[in-house]
Amino acid sequence: CKTYSTTALFLSKKFKIRAPPEPRALSHGTGSVRGLARAPLKRGGNQLHEVQNDGAASSSPTRWLGRRQLATLVGNREAYAADPPFNPRSFAYVLIHYHKTGHDLSRKLRDLLLEAKHRADGGLASNDRENTFMPRQHERDTGCPHALVLTPGMIHTQASPDFFCNPKILAEKLLRNDNMNGKVFKNKKGVKVIHLVRNPFTMSVSNLNYHAQFPTPENWVKNSDFDPCSREGWYKTQTLADLVASTLFIGEHPIMRHDDFEKLFQICTSIFHGKGQPDWTFHTHLRQGTPLDALALATAQLVGQARSGGDLLRMANNIIKFREVERLEEHVRTSAHLPSAPRDRMIQVLTLSMDDFIREPKKSAERFLNFALEDSVADTVKFGVAADYERQYREMVKQGGEHITHGHENDKIGNTEPLYQFLREDEVFGRILGNIENLVNDVIVESGGGSH
């Protein structure tokens, strides 16, 4: 058998599963975990593979979710009894955020994790990179990010990832084991994802406050060549509307409709090209236009742009993708009669709200550390680190900063209550953001937190 380079969910000597051929590039968005949930697993010869709904054995390489011996699963308590209850060095960590859902917070959480583990016995490291792979970019054929490689024992931070791929391929990418570092990758048991999200209404108002600052923290908003209404995409043919169709357009009550993109474009162009002076930049519009025009322009860019914006839709899409990946692993485990408790999973996702961190910083930090470190670090250590974080956060809010917009009114925006009212009552923004708000609230509750 040739060596297959990706990490597998289930490979057992009992089943004598051989390594499959290397996967072909596949188009994004195909296949639904809902349909997969009804498809049983079939042990055929020396392979473990899925049977599609038509009863035929799948020949798709996406059925292979990696390489793993059952005796090494955390869920196999008897085989794992000689090891500590949980070994953080066997998991890769990735902290994911979007624009205004916690850029600074993701870095702080990384530092908290390193500090808590250091106070115990060390053993975790950070790759010290702003992003592990390119944000808002993806492979043309799969829809997954380029170079998505997560090293065990390493803490990765990542802004605005494009997870537009089939959930099977996303699971494959998250668990991939390329043996780039020899023994480091050999012991990879899974990945812990910390997904930082935010209420879309507070995210939109914070986005306006942030970009309307003077001086602005990001110079691109003053670029005279930047058009927030330009029709952006990838590879000349891919649009954001096409890529989110399989997650946001489906169901009896979809998050949004395809024609909403044209409505967002019309809102954007009517303000950016129809109001103000011809030489006004995006930043000028946000500072010199009326507060409601500025909010509509900034939110249209945050929702509808593919590469310079679009993070509200990217956040909603990725919430759904992670749900699909979790259900996929649950289905595989159930079909193979393997433990499926949360701590047994190879792909573990904790969704945390930026709004909860603002309201309850200590409690939110404790939830994060308990998820990340489990019982490998004493509770007293974790609680102490969380208490230190709360004190530091309160002091940071008092001092202010370019990424701290909560509690600090912008000099050109003023009272924000009319802004929230405008977004909720607007036919386009109110419907889209309201549906995303429901999605965010639901996933936070599913993760065991939230106070709405």
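The values are calculated or read from the model by the stated rules, or taken from the named source; none is laboratory data. Since the structure is predicted, the reported quantities are computational estimates derived from the model, not experimental observations. Please note: Cβ atoms are built from the backbone with ideal geometry, for glycine as well, and neighbour counts cover all protein chains shown. Ligands, DNA and RNA are excluded from the accessible area calculation, which covers all protein heavy atoms including side chains. Shrake-Rupley method; radii C 1.70, N 1.55, O 1.52, S 1.80 Å.
Kindly indicate whether T299 is hydroxyl-bearing (S, T, Y), farther than 16 Å from L248 by Cα and surrounded by 22 or more Cβ atoms within 10 Å (Cβ to Cβ).
Criteria met by T299.
Mind checking which residues of segment 133-165 are in a loop (DSSP other than H, G, I, E, B), modelled with pLDDT of 95 or more and among the polar types (S, T, N, Q)?
Listed by number, the residues that qualify are Q137, T142, S160.
Find the residue count for segment 292-308, including only residues that are among the polar types (S, T, N, Q) and in a helix (DSSP H, G or I).
2
Are there any pairs, at least 6 apart or on different chains, whose C-beta atoms fall under 6 Å, with the first in segment 331-353 and assigned to a helix (DSSP H, G or I) and the second surrounded by 16 or more Cβ atoms within 10 Å (Cβ to Cβ), and if so, which?
From segment 331-353, the pairs are V332/L9; S335/L41; D344/V74; D344/G75.
Could you tell me whether segment 429-437 includes any residue that is surrounded by fewer than 17 Cβ atoms within 10 Å (Cβ to Cβ), at pLDDT below 95, of a type outside the set (A, V, I, L, M) and not assigned by the TED database to the domain that holds V303?
No, segment 429-437 contains no residue that is surrounded by fewer than 17 Cβ atoms within 10 Å (Cβ to Cβ), at pLDDT below 95, of a type outside the set (A, V, I, L, M) and not assigned by the TED database to the domain that holds V303.
Test F261 against the stated conditions and say whether it is within 18 Å of D162 (Cβ to Cβ), free of Cβ contacts under 8 Å to residues at least 60 places away in the same chain and assigned to a helix (DSSP H, G or I).
yes
Out of all the residues in segment 255-262, is one or more open to solvent by 10 Å² or more (accessible area, probe 1.4 Å), within 16 Å of R136 (Cβ to Cβ) and basic (K, R)?
No, that holds for no residue.
Just for segment 241-254: of the residues that are open to solvent by 40 Å² or more (accessible area, probe 1.4 Å) and of a type in the set (A, V, I, L, M, F, W, C), which one is farthest from H273 (Cα to Cα)?
I250
As an exercise: evaluate F422 against (1) more than 21 Å from I267 (Cβ to Cβ); (2) part of a helix (DSSP H, G or I); (3) touching a residue at least 12 places away in the same chain (Cβ under 8 Å); (4) open to solvent by 10 Å² or more (accessible area, probe 1.4 Å) and give the number of the one condition it does not meet.
Of (1) more than 21 Å from I267 (Cβ to Cβ); (2) part of a helix (DSSP H, G or I); (3) touching a residue at least 12 places away in the same chain (Cβ under 8 Å); (4) open to solvent by 10 Å² or more (accessible area, probe 1.4 Å), only one is false for F422: (1).
Results for (1) under 26 Å from L433 (Cα atoms); (2) outside the structural domain of H211 (by the TED database); (3) within 28 Å of the chain's Cα centre (by Cα); (4) open to solvent by 20 Å² or more (accessible area, probe 1.4 Å), shown as yes or no for each residue.
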position: H273; (1), (2), (3), (4): yes, no, no, yes
position: Q277; (1), (2), (3), (4): no, no, no, yes
position: L295; (1), (2), (3), (4): yes, no, yes, no
position: T334; (1), (2), (3), (4): no, yes, yes, yes
position: L338; (1), (2), (3), (4): no, yes, yes, yes
position: F357; (1), (2), (3), (4): yes, yes, yes, no
position: R367; (1), (2), (3), (4): no, yes, yes, yes
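Just give me the residues in segment 116-126 being buried (at least 17 other Cβ atoms within 10 Å of the Cβ) and assigned to a helix (DSSP H, G or I), in sequence order.
Result: A116, K117.
Which residue out of A241, A245 is out of contact with any helix residue (DSSP H, G or I) (no Cβ under 8 Å at 6 or more places or on another chain), outside the structural domain of L352 (by the TED database) and not in a loop (DSSP other than H, G, I, E, B)?
Going through A241, A245 in turn, the sole match is A245.
Give me the pairs: first residue in segment 234-245 and within 13 Å of D259 (Cα to Cα) and free of Cβ contacts under 8 Å to residues at least 24 places away in the same chain, second residue open to solvent by 50 Å² or more (accessible area, probe 1.4 Å) and in a loop (DSSP other than H, G, I, E, B), beta-carbon distance under 8 Å, and six or more apart or on different chains, which are they?
A241/H258
Being touching a Lys or Arg at 6+ places or on another chain (Cβ under 9 Å), touching a residue at least 40 places away in the same chain (Cβ under 8 Å) and not hydroxyl-bearing (S, T, Y) is the requirement here; does D279 meet it?
Criteria not met by D279.
Among the listed residues L109, L113, L95, L105, identify the single one that is at negative phi and open to solvent by 10 Å² or more (accessible area, probe 1.4 Å).
Being at negative phi and open to solvent by 10 Å² or more (accessible area, probe 1.4 Å) holds for just one of L109, L113, L95, L105, which is L105.
So, A306, is that one touching a strand residue (DSSP E or B) at 6+ places or on another chain (Cβ under 9 Å), closer than 18 Å to H97 by Cβ, small (G, A, S) and open to solvent by less than 30 Å² (accessible area, probe 1.4 Å) or not?
Against the criterion (touching a strand residue (DSSP E or B) at 6+ places or on another chain (Cβ under 9 Å), closer than 18 Å to H97 by Cβ, small (G, A, S) and open to solvent by less than 30 Å² (accessible area, probe 1.4 Å)), A306 does not qualify.
Of the residues in segment 205-240, how many are among the small types (G, A, S) and surrounded by fewer than 21 Cβ atoms within 10 Å (Cβ to Cβ)?
Residues meeting the conditions: 3.
Across segment 309-330, what is the total count of residues that are open to solvent by less than 10 Å² (accessible area, probe 1.4 Å) and outside any loop (DSSP other than H, G, I, E, B)?
14
Is at least one residue of segment 348-355 among the small types (G, A, S), closer than 18 Å to F91 by Cβ and either touching a helix residue (DSSP H, G or I) at 6+ places or on another chain (Cβ under 7 Å) or at pLDDT 90 or above (or both)?
Looking through segment 348-355, none of the residues is among the small types (G, A, S), closer than 18 Å to F91 by Cβ and either touching a helix residue (DSSP H, G or I) at 6+ places or on another chain (Cβ under 7 Å) or at pLDDT 90 or above (or both).
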